[in-house]
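The values are calculated or read from the model by the stated rules, or taken from the named source; none is laboratory data. Keep in mind the model is a prediction, meaning the values are calculated, not measured. When we count neighbours, we look across all protein chains shown, and the Cβ atoms used for this are built from the backbone with ideal geometry, even at glycine. Ligands, DNA and RNA are excluded from the accessible area calculation, which covers all protein heavy atoms including side chains. Shrake-Rupley method; radii C 1.70, N 1.55, O 1.52, S 1.80 Å.
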Amino acid sequence: MGQAHLFPKVIDLRTLERKKAIWGFIFTMPAIIFFAIFSFYPMANAFWTSFFRKELLSLKAPRFVGLNNYLYLLRSESFWNSIKATAIFAFGTFVPMVLFSLSFAALILTRKRFQKFLQMAYYSPAVLSSVVAAAIWLLIFDPRGLSNQFLNFLFNTKGIDYRWLSNENMLRLATIIVYFWKYVGYFTIIFVAGMASIPKSIHEAATIDGANRWQDFWHITLPLIRPTTLLVSVMSMIQCLRTFSTQYLFVQGGAPIKPIDVITLSIYNTAIRDRQIGRASAMSVILFLIIMSFSYLQIRISKTENITY
Amino acid sequence: MRQSVFLDIFIWFFLIVFAVFILVPILFMFTASLMSSKNIMRIPYPWISGEFRWQNYWQAIKGNDGKFFYLKSIWNSFLVASLTTIGTVLLCSLTGYGLAKYRFKGRTFVLLMILSTMMIPFEAIMIPLYLIVTNMGMQDTYAGLIVPLLMNAFGIFMMRQYLLTFPDELIDAARIDGTSEFGIYWKIVLPNSLPAIATLAILTFRSQWDNLLWPLLIIQSPEKKTIPLYIIQFATEKYTNEGAMMAAAAIASIPMFILFFTLTKYFLSGAELFAARKD
């Protein structure tokens, strides 16, 4: 009798498992379809189109041109200019961003009072939309704006125009400042979270052993937040490579495009203004490969850098 | 002891100087939004001018052509960002739940496939996406703005990580009570994962509110523009003065600041999540 009872139950469990497997599949189905249509297909399409001469809104059939789009880009001065503009912007932004956010996180955590206030203050520009941020700074960089007033005050000069929006290097610096200003607080918060997760006992042990604050930071905090530091570096680097809004609004506001013609802006203009979809696709593929190599680095880092306390 | 006090003052000095650098542009936006161009361009900048030019705000709202397109664009941004947020939260949590609590063939593959899309930057696929959306007839529509951004790998991953620790007892108890599998998700899982949902919702809402590139490609009609598009157009119009431009910027920022001050925790946890991803 006991067996007769057990038997149907076993089958029941198995059908339950099967039923659950089907439901699990149903629940993930929308995501599979979504990413197939809106991520994988477009990426494959970009690769494919990069081998064709194709024009936006043109009735002409796309013509296969092999690697010609890539060869064209390699010889094109404006493409190298945008690679240069992107590289200057990305390195010029990400190095100070990582250094400052790291140091200010450490400084904030030494404070007993106003910790929360400082974190919120530093974070606040990240709340603004990037177009708003660019619009504010466009006025600050005006010849009569705050930036010139500040530099004149700093160098004790009078009425010198530092040509923030017309001089090539100053314009690059201007876009870097906007981006740095907007995101430095965001990364500071990440570092604060990383540092706060180090157990207090480790710091206490170091203090008992006679370490001062500087030694504690250098020999305890810094090595222990290495994974955070590396991830922040890669992530901010990728973000910088994808910058668009600041440069777009500055150009719309009358700044010369050449020094800040970053690759995303260049893709946009090639596709929409020049209608060269094939060429824009080749640029997209190159951007993808650059960012992908950084993402790969990020995965490698997060896999190897495990710290247990 | 004296050295320590000296160091303390030094640290405060740096922290405050940096806070000033961060806050000055925001203060500039709010003060300039109430001034005439003459005052804004005065050297030195009059921080406390005593001027309250509310007509800057009126001009920003009314627009140079008097058609009140800014109000429309604020509504558009709210609509697009809210719908995207609702869709993202539901779809990402459903997928995350499926991946966290159900065993099926190919589950690991699906997870890896979803995660791999994190490596595809939006900027690299925007042109093909633009063509797809055009072919689907969603050019210049809200759907075109919303649909391609309805799901993201990070949201799914975040929900999955959160739901991995969701108590199985709750789910099994509901199952024994005869609740359907979808019912379990809807009545048990969803209401019990509000912290993760709030964080994801804020991330999504902000990124849509902030989005410039995608609306720039998709939207042409002036009455369908979102806030970033409107501000760019307004800022580059000939009759826009500096004060009105800052008023438009302030109007766009106020809702986000209100959200930030009321939901600070979830804003900051969005950033912290990233640091916590140590495993």
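For segment A:211-257, the tally of residues that are β-branched (Val, Ile, Thr) and either farther than 30 Å from B:Thr236 by Cα or free of Cβ contacts under 8 Å to residues at least 12 places away in the same chain (or both) stands at 8. Set side by side, the residues A:Ser82, A:Ser129 differ, and just one is more than 7 Å from chain B (Cβ to nearest Cβ), surrounded by 17 or more Cβ atoms within 10 Å (Cβ to Cβ), under 19 Å from A:Gln247 (Cα atoms) and hydroxyl-bearing (Ser, Thr, Tyr), which is A:Ser82. Take A:Thr264 and decide whether it is within 12 Å of chain B (Cβ to nearest Cβ) and assigned to a loop (DSSP other than H, G, I, E, B). No; evaluated as a whole, the condition is false for this residue. If only residues of segment B:218-244 that are open to solvent by 40 Å² or more (accessible area, probe 1.4 Å) and assigned to a helix (DSSP H, G or I) are counted, the one that is modelled with the lowest pLDDT is B:Thr236.
In segment B:1-43, how many residues are outside any loop (DSSP other than H, G, I, E, B) and open to solvent by less than 100 Å² (accessible area, probe 1.4 Å)?
Keep residues of segment B:1-43 that are outside any loop (DSSP other than H, G, I, E, B), which gives B:2-32, B:37-40.
Applying the additional criterion that residues be open to solvent by less than 100 Å² (accessible area, probe 1.4 Å) yields B:4-5, B:7-8, B:11-12, B:14-32, B:37, B:39-40.
The qualifying residues number 28.
For B:Glu123, the criteria (1) surrounded by 16 or more Cβ atoms within 10 Å (Cβ to Cβ); (2) more than 8 Å from chain A (Cβ to nearest Cβ) hold in every case but one, which is (2). Do we find that A:Leu139 is free of Cβ contacts under 8 Å to residues at least 24 places away in the same chain, surrounded by fewer than 20 Cβ atoms within 10 Å (Cβ to Cβ) and either among the acidic types (Asp, Glu) or at the interface with another protein chain (Cβ under 7 Å from one of its Cβ atoms) (or both) in this structure? Considered against the rule, which asks whether it is free of Cβ contacts under 8 Å to residues at least 24 places away in the same chain, surrounded by fewer than 20 Cβ atoms within 10 Å (Cβ to Cβ) and either among the acidic types (Asp, Glu) or at the interface with another protein chain (Cβ under 7 Å from one of its Cβ atoms) (or both), A:Leu139 comes out as no. As for segment A:194-204, it holds at least one residue that is more than 9 Å from chain B (Cβ to nearest Cβ), touching a helix residue (DSSP H, G or I) at 6+ places or on another chain (Cβ under 7 Å), assigned to a loop (DSSP other than H, G, I, E, B) and surrounded by 14 or more Cβ atoms within 10 Å (Cβ to Cβ).
Would you confirm, using the coordinates I've provided, whether A:Arg273 is more than 9 Å from every other protein chain (Cβ to nearest Cβ) and of a type outside the set (A, V, I, L, M, F, W, C)? Against the criterion (more than 9 Å from every other protein chain (Cβ to nearest Cβ) and of a type outside the set (A, V, I, L, M, F, W, C)), A:Arg273 qualifies.
Go through segment B:122-172 and report how many residues are acidic (Asp, Glu) and at positive phi.
Qualifying residue count for the region: 1.
Does segment B:271-278 include one or more residues that are hydrophobic (A, V, I, L, M, F, W, C) and open to solvent by 40 Å² or more (accessible area, probe 1.4 Å)?
Going residue by residue through segment B:271-278, those that are hydrophobic (A, V, I, L, M, F, W, C) are B:271, B:273-276.
Okay, now just the ones that are also open to solvent by 40 Å² or more (accessible area, probe 1.4 Å), so B:273, B:276.
Within segment B:271-278, one or more residues are hydrophobic (A, V, I, L, M, F, W, C) and open to solvent by 40 Å² or more (accessible area, probe 1.4 Å).
Does B:Arg160 meet the test of being part of a helix (DSSP H, G or I), open to solvent by 20 Å² or more (accessible area, probe 1.4 Å) and touching a Phe, Trp or Tyr at 6+ places or on another chain (Cβ under 9 Å)?
Values: part of a helix (DSSP H, G or I): yes; open to solvent by 20 Å² or more (accessible area, probe 1.4 Å): yes; touching a Phe, Trp or Tyr at 6+ places or on another chain (Cβ under 9 Å): yes.
Here the answer is yes, as B:Arg160 does meet what is asked.
A search for C-beta distances below 6 Å between a residue of segment A:281-304 that is within 19 Å of A:Phe79 (Cβ to Cβ) and any residue that is of a type outside the set (Phe, Trp, Tyr) and outside any helix (DSSP H, G or I), counting only pairs 6+ apart in sequence or on different chains, returns A:Ser281/A:Ser50; A:Ala282/A:Ser50; A:Val285/A:Ser50; A:Ile291/B:Pro121.
So that you can scan it fast, the table gives a plain yes or no per residue for (1) in contact with a Gly (Cβ under 9 Å, 6 or more places away or on another chain); (2) under 27 Å from A:Leu265 (Cβ atoms):
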| position | (1), (2) |
| --- | --- |
| B:Lys67 | no, no |
| B:Ser73 | no, yes |
| B:Phe78 | no, no |
| B:Val89 | yes, no |
| B:Ala100 | no, no |
| B:Thr117 | no, yes |
| B:Ile146 | yes, yes |
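Can you tell me which of A:Leu109, A:Leu99, A:Leu71, A:Leu67 is open to solvent by 80 Å² or more (accessible area, probe 1.4 Å), within 14 Å of another protein chain (Cβ to nearest Cβ) and out of contact with any His (no Cβ under 8 Å at 6 or more places or on another chain)? Steps first, please.
Details: A:Leu109 fails: open to solvent by 80 Å² or more (accessible area, probe 1.4 Å); A:Leu71 fails: within 14 Å of another protein chain (Cβ to nearest Cβ); A:Leu67 fails: within 14 Å of another protein chain (Cβ to nearest Cβ).
A:Leu99 is the lone residue from the list that is open to solvent by 80 Å² or more (accessible area, probe 1.4 Å), within 14 Å of another protein chain (Cβ to nearest Cβ) and out of contact with any His (no Cβ under 8 Å at 6 or more places or on another chain).
Scan segment B:198-206 and give yes if some residue there is within 14 Å of chain A (Cβ to nearest Cβ), open to solvent by 50 Å² or more (accessible area, probe 1.4 Å) and under 14 Å from the mean Cα position of the chain (by Cα), otherwise no. Looking through segment B:198-206, at least one residue is within 14 Å of chain A (Cβ to nearest Cβ), open to solvent by 50 Å² or more (accessible area, probe 1.4 Å) and under 14 Å from the mean Cα position of the chain (by Cα). Mind listing whichever residues of segment A:205-245 are under 19 Å from the mean Cα position of the chain (by Cα), assigned to a loop (DSSP other than H, G, I, E, B) and among the hydrophobic types (A, V, I, L, M, F, W, C)? Within segment A:205-245, just A:Phe244 meets the criteria.
Test B:Arg103 against the criterion of being at pLDDT below 95, surrounded by fewer than 17 Cβ atoms within 10 Å (Cβ to Cβ) and not hydroxyl-bearing (Ser, Thr, Tyr), and give yes or no. Judged against the criteria, B:Arg103 is a match. Kindly check whether there is at least one residue in segment A:145-168 that is touching a Gly at 6+ places or on another chain (Cβ under 9 Å), open to solvent by 40 Å² or more (accessible area, probe 1.4 Å) and part of a helix (DSSP H, G or I). The answer is no; no qualifying residue exists.
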